[in-house]
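The values are calculated or read from the model by the stated rules, or taken from the named source; none is laboratory data. All figures in this text were calculated on a predicted structure; none of them were measured in a lab. As a convention, Cβ positions derive from the backbone with ideal geometry for all residues, glycine included, and neighbour counts pool all protein chains shown.
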Amino acid sequence: MLYNDNDTVAAISTPAGSGGISIIRLSGQDAFNIADKIISGSKSGVLSAFVSSMGDHTIAHGYVFDFGKETPELIDECLVSKMEAPKTYTTENIVEINSHGGLSVVNKTLELLLSAGARAAEPGEFTKRAFLGGRIDLSSAEAVMDVINAKTENGRRAAISGLSGRVGKEILGICAALTEVLSGIEVSIEYPEYDFDEEVGEKALVAIDGSLARLRALSDTYSQGRIAREGIKIVIAGSPNAGKSTLMNLFCGSDRSIVTDVPGTTRDLIEEQIQLFGFPVTVTDTAGIRNTSDVVEKIGVDRARDAVSGADLLLYVIDGSDPVTEDFVSNSAESKKIYIINKTDVAEDVSAIIKGLPSDVPCVCISALTGDGIDRLFGLIKEMFLLGSFDFTSQAVITSSRHKQLIDQACELLKKCVESKNNGLPLDLVAEDLKLATDSLCEILGRNISDEVIDNIFSRFCVGK
Ligand SMILES: Nc1nc2c(ncn2[C@@H]2O[C@H](COP(=O)(O)OP(=O)(O)OP(=O)(O)O)[C@@H](O)[C@H]2O)c(=O)[nH]1
Ligand SMILES: [Mg+2]
């Protein structure tokens, strides 16, 4: 970062736009002096080091003034909170100004703070300061944005697992166990005359095995953690008139897509965010896939194919009452697929259709019109993604691909340690990989990592957090 981390920084911490109140936050060693330059305790605008004279962790009523004018101009009436370091969000001195939430008032107040000596905060800089100040580890800091962005129950639970330090604590515990092994090995290397090797080696194996099991369990939480954070992308595709839009509307619980009996009704992608079993789900309805010379419909079909390739789950709808020769659109190998035989309320016999489907892909018969079979479909989706069978409230859950990568890297290195030991290689070689594994885990907590990585993580934050 080009900026000096000792600067006092300011930003609007509430969302842009009009609201009942907005909060402008100021953090750094000069926060109180800077606030003094724009806030007065009296409506007449007398400067009296108002914020500096407030008690620690108190809130007071005051007025924001533009003292740069010949006659000080009253900008807003406000409530000011004063929080002295180190017991604050950033671990630094903090002033928060609760102002009336109009865009112009808030921007003017920020502008005055900047003229009085503050610097505009970078995205995530307040949280970055909390991390650099040692109040939270990097895994907790990263979870702050997840908490802000969480849109569903389980998203929130997974995020709070990170924020409350559950992940950090588990990693710290594993690091401590590995560090103990390392120091044992180092002692035995340093004092070869005592011949501890055998005993130290055995102890090391037990501890490494235990750590491996804990790390694998943590790594396994990622598939659920990722779903809780990012959700699942479900794409509904199939031939024209198969009932895709009717199914879409069942998912949404509203008439989101237009339904008619004219084949080719849906032409563009229709997307909606919903919640399924407490998880965020994006459902996309698509144009019926067929060969067409209609220019607009053709673009729609291309978009449908693109959407299919980016889906976590493809629901391929087949009209059970009038099955056309299907090409059973394939999506990428990693994503999941369910065949849906629709219109069972009017279809006579769907067994021939089922026979023609690949047997390794699940198939559900429904009537999107009456809702019959939809619970079976939801049940299958729940099973496929293990939704609902995971306890987010008490367990450490990883939601970040960075954490997953580092944990898997540490696992590989620990596996190598076990192999080296079993193959009779000297303990100092085992120690080398053990050290690297511990380093990987420390990176999750934000120890010994480059400024570049830190800046990159916080740049994804919003300004004001
Ligand atoms: N009987 C019956 N009719 C259905 C069912 N699902 C859909 N339909 C009817 O089938 C017709 C087409 O439904 P849509 O949902 O628009 O089909 P679509 O696959 O979105 O069609 P396109 O957007 O044109 O590709 C409409 O008249 C629906 O009412 C069903 O389960 N049973
Ligand atoms: Mg449609």
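Could you please let me know if V187 is modelled with pLDDT under 90, surrounded by fewer than 19 Cβ atoms within 10 Å (Cβ to Cβ) and out of contact with any strand residue (DSSP E or B) (no Cβ under 9 Å at 6 or more places or on another chain)?
Numbers: modelled with pLDDT under 90: yes; surrounded by fewer than 19 Cβ atoms within 10 Å (Cβ to Cβ): yes; out of contact with any strand residue (DSSP E or B) (no Cβ under 9 Å at 6 or more places or on another chain): yes.
It is true that V187 is modelled with pLDDT under 90, surrounded by fewer than 19 Cβ atoms within 10 Å (Cβ to Cβ) and out of contact with any strand residue (DSSP E or B) (no Cβ under 9 Å at 6 or more places or on another chain).
Check the range 85-93 and report whether any residue there is over 37 Å from the mean Cα position of the chain (by Cα), of a type in the set (F, W, Y) and assigned by TED's automatic domain parsing to the domain that holds S115. Walk me through how you get there before you give the answer.
Residues of the range 85-93 that are over 37 Å from the mean Cα position of the chain (by Cα), as a first pass: none.
No - not one qualifying residue is present in the range 85-93.
State whether one or more residues within the range 379-402 are β-branched (V, I, T), over 26 Å from the mean Cα position of the chain (by Cα) and surrounded by fewer than 18 Cβ atoms within 10 Å (Cβ to Cβ).
Step one: filter the range 379-402 for residues β-branched (V, I, T), giving 381, 393, 397-399.
When the remaining residues are screened for being over 26 Å from the mean Cα position of the chain (by Cα), the result is none.
Taking every residue of the range 379-402 in turn, none turns out to be β-branched (V, I, T), over 26 Å from the mean Cα position of the chain (by Cα) and surrounded by fewer than 18 Cβ atoms within 10 Å (Cβ to Cβ).
Within the range 433-454, how many residues turn out to be surrounded by 14 or more Cβ atoms within 10 Å (Cβ to Cβ) and either assigned to a helix (DSSP H, G or I) or of a type outside the set (A, V, I, L, M, F, W, C) (or both)? Steps first, answer last, please.
Taking the range 433-454 as the starting set, the residues that turn out to be surrounded by 14 or more Cβ atoms within 10 Å (Cβ to Cβ) are 433-446, 449, 454.
Remaining after also requiring either assigned to a helix (DSSP H, G or I) or of a type outside the set (A, V, I, L, M, F, W, C) (or both): 433-446, 454.
Counting residues in the range 433-454 that are surrounded by 14 or more Cβ atoms within 10 Å (Cβ to Cβ) and either assigned to a helix (DSSP H, G or I) or of a type outside the set (A, V, I, L, M, F, W, C) (or both) gives 15.
For the range 408-423, give me each residue that is surrounded by fewer than 18 Cβ atoms within 10 Å (Cβ to Cβ) and within 17 Å of K203 (Cβ to Cβ).
V418, N422
Here is a yes/no grid of residues against (1) within 18 Å of G62 (Cβ to Cβ); (2) crowded, with 24+ Cβ neighbours inside 10 Å:
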residue: N6; (1), (2): no, no
residue: A10; (1), (2): yes, yes
residue: T14; (1), (2): no, no
residue: S18; (1), (2): no, no
residue: I24; (1), (2): yes, yes
residue: Q29; (1), (2): no, no
residue: N33; (1), (2): yes, no
residue: I39; (1), (2): yes, yes
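Among the residues of the range 275-287, write down those that are at pLDDT 95 or above and either surrounded by fewer than 22 Cβ atoms within 10 Å (Cβ to Cβ) or of a type outside the set (A, V, I, L, M, F, W, C) (or both).
Selection gives T282, T284, D285, T286.
Do you know which residues across the range 337-391 are modelled with pLDDT of 95 or more, of a type outside the set (K, R) and at positive phi?
Within the range 337-391, G371, G373 qualify.
Could you please find all residues in the range 213-246 being aliphatic (A, V, I, L, M) and within 9 Å of ligand 2 (Cβ to nearest atom)? Write out each step before concluding.
Step one: list which residues in the range 213-246 are aliphatic (A, V, I, L, M), which gives 213, 215, 217-218, 227-228, 232, 234-237, 242.
Of everything in the range 213-246, those that are aliphatic (A, V, I, L, M) and within 9 Å of ligand 2 (Cβ to nearest atom) turn out to be I236, A242.
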